[in-house]
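See below for the structure under consideration.
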């Protein structure tokens with residue numbers, strides 16, 4: 001009779017550790033976004049993505065901001081309500097909308113990006129330059145590998 005093996009500890013899995021790191025940094029960022037700009041994390045991510053990649057559909061915004069479509073839609077609407085983002089009808093799809101920054105949104109986007117850059121620097125602060133470059137290269141490889149595996153496992157759409 002084979003001995004039963006103990007399953008690995010949850011906290012040893014890469015996905016668990018990445019999610020934990022993301023949650024910890026989101027909590028820190030959440031306070032900064034709320035206190036400084038009156039934005040939630042999702043709203044700040046959406047503002048950052050729209051500023052960098054506009055014009056964006058809500059679907060593209062969700063992908064760029066790493067949010068689900070519902071979260072992206074709600075965040076975008078809040079940004080529209082605050083006159084930071086303009087929602088207009090898509091020229092290619094009359095049912096769709098595109099999102100761009102307003103004149104009011106652009107300066108706030110720049111401030112949000114500076115805060116994101118500062119948070120990024122703080123997170124990497126415990127690593128040497130060489131360790132940071134190595135980690136970034138490893139992340140690029142892991143992301144490409146995960147993307148390839150997802151593509152390979154998705155059924156082809158005729």
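The values are calculated or read from the model by the stated rules, or taken from the named source; none is laboratory data. Just so it is clear, the structure is predicted and the values come from calculations on it, not from any experiment. As a convention, Cβ positions derive from the backbone with ideal geometry for all residues, glycine included, and neighbour counts pool all protein chains shown.
Would you call residue 64 under 27 Å from residue 139 (Cα atoms), part of a helix (DSSP H, G or I) and touching a helix residue (DSSP H, G or I) at 6+ places or on another chain (Cβ under 7 Å)?
Taking the combined requirement at face value, the residue satisfies it.
State all residues of segment 116-135 that are surrounded by 11 or more Cβ atoms within 10 Å (Cβ to Cβ) and modelled with pLDDT of 95 or more; if no residue qualifies, say none.
Once the filter is applied, which keeps residues that are surrounded by 11 or more Cβ atoms within 10 Å (Cβ to Cβ) and modelled with pLDDT of 95 or more, segment 116-135 yields 127, 131, 132, 133, 134, 135.
Any residue at all in segment 76-87 that is farther than 18 Å from residue 30 by Cβ, assigned to a loop (DSSP other than H, G, I, E, B) and at pLDDT below 95?
no
Can you tell me which residue is surrounded by the most Cβ atoms within 10 Å (Cβ to Cβ) among those in segment 45-61 that are assigned to a helix (DSSP H, G or I) and more than 11 Å from the chain's Cα centre (by Cα)?
Taking the candidates together, the pick is 50.
Hey, among the residues in segment 64-83 that are closer than 15 Å to residue 97 by Cβ and more than 18 Å from the chain's Cα centre (by Cα), which one's surrounded by the fewest Cβ atoms within 10 Å (Cβ to Cβ)?
81
Give segment 107-158 a look and list any residue that's within 30 Å of residue 89 (Cα to Cα) and over 19 Å from the mean Cα position of the chain (by Cα), or say none.
107, 157, 158 - these are the residues of segment 107-158 that are within 30 Å of residue 89 (Cα to Cα) and over 19 Å from the mean Cα position of the chain (by Cα).
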